[in-house]
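All remarks here apply to the structure that follows.
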There are 2 protein chains.
Amino acid sequence: MLQLYDYLESGNGYKVRLLLTQLGIPFERVELDILKGETRTREFLAKNPNGRIPLLELPDGTTLAESNAIQWYLAEGTRFLPEDRLGRAQVLQWMAFEQYSHEPFVAVLRFWHHAGTLAAHSEEEIAAKRSGGEAGLGVMERHLGQRPFFVGECYSIADIALYAYTHVAEEGGFELASYPAVRAWLERVRSQPGYVPITERVG
Amino acid sequence: MLQLYDYLESGNGYKVRLLLTQLGIPFERVELDILKGETRTREFLAKNPNGRIPLLELPDGTTLAESNAIQWYLAEGTRFLPEDRLGRAQVLQWMAFEQYSHEPFVAVLRFWHHAGTLAAHSEEEIAAKRSGGEAGLGVMERHLGQRPFFVGECYSIADIALYAYTHVAEEGGFELASYPAVRAWLERVRSQPGYVPITERVG
C-alpha cells in the first residue's frame, strides 16, 4: 500500500491526501509533527534529504517528494490532468505560481499564526508577506473572474494545489471578502465528488 | 515563431533559452529589463498578470508563464524528459525543489548583489538566505555524489532547472569549493551538445 508521510494541518500534505481520496486510492497516512522536528530525524532524512512532508512511499520503498510532483505522479492518465500538451503545461504553470507566488506568503503567515511565532517577526516582514499574498490572490481573482476552474473547463490538480492554502487563508489573517470569484471557486471545489476537509483524518 | 520574453541575467529565463537552443527550436527573444519595471507595464501584465519573465508566446498568441512549466511544454516527447511515469515525477520533484528550496536563496542573493540592493537588507536576512542556499546545495551534493544527473542516468530539464542558478551561485557569494559532486555535475552539464552560456544572446 502507498504510504503518505504527512502533517494534518499542512496544506501541502492536504493536496496529496485530497487527491488520493478523490481518486479512491487506498493509502496509509504516517503523521509527523513538523513542530516537534519529526521531519528532521535521521530516519526521515534518509527518506527525504530535504526534510519535508508530504512524502509518498511506494510499496517497493521508492520515495517521491514535493506535493506538486506527487500530485502529478498520481494524476497522470486520470481526469485530474488534461490530455493536451498545452493544458498540462498550464496546470504546471498554476502549480508553479502556487509554489512561488502564493504559498510563501499565504501559507507562511498561517503557519506563523498556528505555530505562535508571529510575534517573532518584524512588522515589515509581516507586511511583506501580507502584500505578497494579496498580490497572489489578486492574480487568482482576475483569472477566475472569467472561468470556472484554473485550466480549461475542468477541475484539475491545479485547482487542488491552489485550494489547499487559499481556503484557509483567513487563518493567516487574509480577508477573502474582496475576492468574490475566488470565493465562488472555493465553493465549486468543495462540491467536487469525494471532497474531504483538511482536518479530516483520511487514509 | 515562438517569442520568449526574457531578461539576459535571469537564470529562470536562461532555463528556457538553453533548452530551446539545445532542442534546435528557433525563437525570438524579447528583452525586458526587470530593474526598470518593464515586466510591470500594462502591456506586459496583459500577457502575464503575474508580471514575470520568462514568458513564452506561441504563434497564435497563447502565452505560457513559469520557467518550469515552459520547460515541460517544450520537453514533452523529447530526450530531455524521461518516458516513464516515475522518472517524469522525479523531474518535477527536482524542479519543485529548485523553485522552493534553492532559487529563493541562491538566486535572490545573486539578484541583491547584481541590483546593488544588498546593503538594504539586514544581516539576519542575508544570513538566512545564505543558510537556506547552503542547505539546498548540500541536498544536491549528496544526491549527485551517487549519480551523474538528477534523474536516471540522463541529462534532463531537471538538470537545466538546477544548473541555471547553481552555476552562477558564486555571484551571490556562495563558495562551491566544498561541493565537489556539484562542481563535477556543472562540468557535465557544460559539456552537453548545444550548450550556451547564460550571457550569450541567443534566439
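Can you give the charge dipole size of segment B:2-75 about its Cα centre, rounded to the nearest 20 debye, using +1 on the beta carbon of Lys and Arg and -1 on the beta carbon of Asp and Glu? Each step should come with its number before you reach the end.
Values: 8 positive and 10 negative charges, 33 e Å.
Using only the charged Cβ atoms, the result is roughly 160 debye.
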Descending semi-axes in whole angstrom, ellipsoid equivalent of segment B:148-203, from the Cα gyration tensor: 18, 17, 9
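Please go through the residue pairs B:15/B:36; A:15/B:15; B:15/B:47; A:15/B:47 and name each one whose alpha carbons sit more than 24 Å apart in this structure. Mind showing how you got there, number by number?
Working: B:15/B:36 22 Å; A:15/B:15 27 Å; B:15/B:47 20 Å; A:15/B:47 29 Å.
Exceeds cut-off: A:15/B:15; A:15/B:47.
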Extent along principal axes [Cα atoms of chain B; Å; largest to smallest]: 46, 46, 27
Straight-distance crosslink candidates among aspartates and glutamates, where the alpha carbon sits under 20 Å from residue B:129 and sequence neighbours closer than 8 are dropped: A:103, A:123, A:124, A:125, B:9, B:98, B:103, B:141, B:170, B:171, B:175
Separation of the residue B:146 and residue A:62 label points, Cα + 7 Å toward Cβ, nm: 1.5 nm
Signed unit charges on C-beta, dipole axis of segment A:16-107, positive-most listed residue A:69, A:39, A:22: A:39
Segment B:1-19 residues near the modelled residue B:118 label - backbone nitrogen below 20 Å, point 7 Å along Cα→Cβ: B:9-11
Averaged over B:97-104, number of beta-carbon atoms from partner chains that fall within 10 Å: 4
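How would you order B:108-119, B:186-197 from highest to lowest mean count of nearby Cβ atoms within 10 Å? Can you show the working numbers first?
Values: B:108-119: 15.2, B:186-197: 12.7.
Packing order, densest peptide first, comes out as B:108-119, B:186-197.
Kirkwood Rh, segment B:85-190, all Cα pairs: how many Å? Numbers along the way, then the final one.
Details: mean 1/r = 0.0711 Å⁻¹.
The answer is 14.1 Å.
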Inter-label distance for residue B:192 and residue A:125, nm, one decimal - labels placed 7 Å from Cα along Cα-to-Cβ: 3.7 nm
In Hz, Karplus ³J(HN,Hα) per residue of segment B:33-41 (6.51, -1.76, 1.60; θ = phi - 60°; x = Gly, Pro): 7, 5, 5, 9, x, 6, 9, 10, 6
Whole-number D in µm²/s for segment A:49-99 (Stokes-Einstein; Kirkwood sum over Cα pairs; 37 °C, 0.692 mPa s): 271 µm²/s
Shape metrics for the protein assembly as shown, restricted to C-alpha atoms - Rg then Dmax, Å: 20.2, 54
Pairwise centroid distance, computed over Cα atoms, of segment A:93-144 with segment B:89-104, Å: 19 Å
Listed peptides B:154-163, A:142-151, A:51-60 by packing density, highest first (mean Cβ within 10 Å): B:154-163, A:51-60, A:142-151
Estimated dipole of segment A:85-190 in Debye, rounded to 20 [Cβ of Lys and Arg +1, of Asp and Glu -1, Cα centre]: 460 debye
Residue A:47 paired with residue A:184, simple spin-label distance in nm, labels 7 Å along Cα-to-beta-carbon: 4.2 nm
Cα-based Rg of segment A:2-75 normalised by 2.2 N^0.38 Å, two decimals: 1.00
For residue A:62, label point 7 Å along C-beta direction: distances to other copies, nm: 3.0
For A:63, B:39, order by how many other beta-carbon atoms lie within 10 Å, fewest first: A:63, B:39
About the Cα centre, charge dipole magnitude for the protein assembly as shown (Lys/Arg +1, Asp/Glu -1 at Cβ), debye: 420 debye
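Calculate the mean, over all residues of peptide A:136-143, of how many other protein chain Cβ atoms lie within 10 angstrom of the residue's Cβ.
Values: counts 1, 0, 2, 5, 1, 1, 2, 2.
Per residue, the number of nearby Cβ atoms from other chains is 2 on average.
Only the coordinates and a few stated rules stand behind these numbers; no lab work does. The model shown is predicted, which means the values in this text are computed figures rather than measured ones. Here the Cβ is made from the backbone with ideal geometry for all residues, glycine too, and neighbour counts use every protein chain on show.
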